[in-house]
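Structure first, then comments.
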Amino acid sequence: MKTRKGYKVYPLTTAQKLHFYYQKYCPKKQVLNIGSYLAIQVDLDFDLLKQCVYTAYERCDSMRLRFAKDKEGETYQYVVKKEERDIEFFDFTGWAMEDAKKLLDDWTATPFEKYDAPQNRVVMIKLPDGFQGLYMVVDHMTMDAQSVIPFFKDIIELYGYQKYPDAELEYPREMASYIKQLEKDLAYEAGTPAKRRDAQFFEKLISSSEPIFNGIDGPASLEEERRKENNPGFRAVTVVSDNVDSNLSTFHLEADPSMRLLNFCGEHSISMTCLLLMGLRTYLQKENHEKDVSLVTTVARRATLTEKYSGGTRIHCFPFRTIVPESDSFMEGLYKVRDGQNQLFRHANYDPVEYYRFRSEYYHLKPGQTYEPLSLTYQPLTMKDKGLERLGDIKYRSERCNNGAAAHNLYLTVSHRSEDNGLEFCFEYQTGVVSHEKLEYIYYYLCKILFEGIVNPEKTVGEIIAAV
């Protein structure tokens with residue numbers, strides 16, 4: 001297939017293929033839906049807002065992305081010229097907030113028609129508490145959090161520029177071409193020296209030594225797997241579940257302690273991702289009495305301006321392993337995490353599916369066996385925009401919606417609240433595998449470890465574990 005409906009078609013990228021296979025083998029096809037809303041405490045001009053949504057569609061190619069299947073069953077992608085659907089409006093005035101959120105979750109749990117159809121839905125909303133704004137749900141094959149947030153911001157900035165001319169807001173910068181970035185990604189995947197270097201790096205890393213599974217409940221799951229395998233030295237655990245029903249549990253860290261974490265990162269040239277990874281791996285070390293800890297980390301792959309503003313889905317997920325003995329200080333552990341992350345970033349364009357295939361073959365793993373109990377992503381973008389502060393003290397609120405299905409047992413997303421930049425710890429979890437009470441336990445000890453660590457960074461990991 002070369003064209004579809006007059007548009008040039010392109011193969012799927014490695015990031016898209018990962019999501020495609022999740023959905024293909026998941027009984028709940030809404031597993032790729034990302035739903036959220038952004039609302040502000042202002043009476044909006046919905047006619048103007050609708051026009052701004054259409055303009056944002058024009059400026060963001062990947063929001064006009066479609067998929068097509070050829071006669072051989074291969075899936076391709078293409079971008080249509082214009083979005084002509086009506087932008088819906090829904091008024092929740094008089095509803096209970098709980099019922100309104102339930103309907104938003106229901107919208108999020110509705111799968112998209114996969115081929116030759118829009119892969120998103122935008123609805124203008126009035127919430128029961130008077131906040132007004134936008135709800136949006138997208139297919140993860142077309143957008144990720146690092147492109148959804150800029151799309152929301154683009155609409156807000158377009159609206160503010162036209163609605164408040166006296167505020168002297170700047171017209172929002174142009175978005176970058178999705179197609180041009182796509183062509184760069186496909187050229188890499190077709191075979192380049194950079195890709196060969198990345199493959200060599202990961203194959204050497206994987207074959208250096210075998211990781212070991214550390215469960216959120218301690219070593220019980222590993223011991224059970226060893227009994228099943230009749231191998232007391234077995235190091236992986238089967239984590240797949242037939243029940244993919246999911247829920248979200250979100251924990252709110254106040255603005256002041258959140259800022260203390262951010263300030264520590266700035267003072268020590270450590271990213272928030274590294275600090276969170278250090279906290280999580282130390283929690284797992286505490287529960288399992290094991291210095292060798294692995295979990296899954298996500299890489300946004302948006303280092304350049306073109307990558308940042310081209311939309312689409314670019315996230316790659318890789319296992320991240322650190323060996324931090326209890327005699328190391330918290331700061332020494334952080335530097336190990338930072339060094340490992342920097343290495344990972346340099347090779348993050350590599351196909352994660354190839355990574356897992358090579359590792360499974362090298363260590364003779366069965367389908368579903370892994371060394372990582374959970375995944376982490378940190379979203380540094382915030383909806384609290386400095387430019388819009390010129391409009392006064394407008395209160396914002398954003399919230400993620402539940403699609404009812406999870407591809408992973410446990411996935412932690414840490415982001416910033418739009419109103420005060422405080423941290424939100426949102427756990428998406430399979431309800432048949434993890435309980436809300438367990439997540440409360442994890443969050444409690446994660447925070448205790450993080451704050452004990454930043455207050456006493458020269459304390460050893462063993463001393464911090466003992467202290468919490």
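The values are calculated or read from the model by the stated rules, or taken from the named source; none is laboratory data. The shown structure was predicted, so the numbers you read here are calculated from the model rather than taken from an experiment. Don't worry about glycine lacking a Cβ; one is built from the backbone with ideal geometry, like all the others, and counts go over all protein chains shown. Ligands, DNA and RNA are stripped out before the accessible areas are found, and what is left, the full protein with its side chains, is counted by its heavy atoms. Shrake-Rupley method; radii C 1.70, N 1.55, O 1.52, S 1.80 Å.
So the values come out like this:
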quantity	calculated
In Hz, Karplus ³J(HN,Hα) per residue of region 319-324 (6.51, -1.76, 1.60; θ = phi - 60°; x = Gly, Pro)	x, 10, 10, 9, 10, 10
Helix axis angle, 97-108 relative to the chain longest principal axis, alpha carbon, degrees	80
Apportionment of accessible area to carbon and sulfur, region 1-89, percent (1.4 Å)	47
Computed log₁₀ I(q)/I(0) - Debye formula, equal Cα scatterers, no solvent, region 149-283, q 0.12, 0.13, 0.21, 0.22 Å⁻¹	-1.09, -1.19, -1.16, -1.17
Charge dipole magnitude, Cβ of K and R +1, D and E -1 - the chain, Cα centre, debye nearest 20	1700
Portion, in percent, of the accessible area of region 235-298 that falls on carbon or sulfur, probe 1.4 Å	46
Reachable lysines, given that their alpha-carbon falls under 21 Å from the alpha-carbon of K438 and they are not under 8 places away in the same chain	K286, K448
Charge sum, other residues only, whose C-beta stays under 9 Å from H252's C-beta, Lys/Arg counted +1 and Asp/Glu -1	-1
Count, lysine Cα pairs under 22 Å in region 131-226, 8 or more residues apart or across chains	4
Protein-only accessible surface order, largest first, of V42, V337 at 1.4 Å	V42, V337
Among 63-74, 139-150, the order from most to least packed when residues are scored by Cβ within 10 Å on average	139-150, 63-74
Cα-based helix-to-principal-axis angle, 220-229 vs the chain, degrees rounded to 10	70
Lysines with Cα under 17 Å of K24, excluding same-chain neighbours fewer than 8 positions away	K69, K114
Dipole moment magnitude, nearest 20 debye, region 63-122 about Cα centre, only Lys, Arg, Asp, Glu C-beta charged	300
Degrees, to the nearest 10: 272-288 long Cα axis against longest axis of the chain	40
Square roots of five times the Cα gyration tensor eigenvalues for region 214-263, Å	36, 17, 7
Residue-averaged [θ]222 nm for the chain, counting only DSSP H segments that reach four residues, each worth -39500 (n - 2.57)	-12500 deg cm²/dmol
Over the chain: Rg over Rh, Cα atoms, Kirkwood Rh	0.96
Relative contact order [Cα under 8 Å, 6+ residues apart], the chain, whole percent	22
Beta bridge orientation in the chain: antiparallel %, DSSP, nearest 5	85
The chain, accessible area per residue, ligands and nucleic acids excluded (1.4 Å, Å²)	45
Whole-angstrom gap from region 312-365 to region 398-431, using each part's C-alpha centre	22
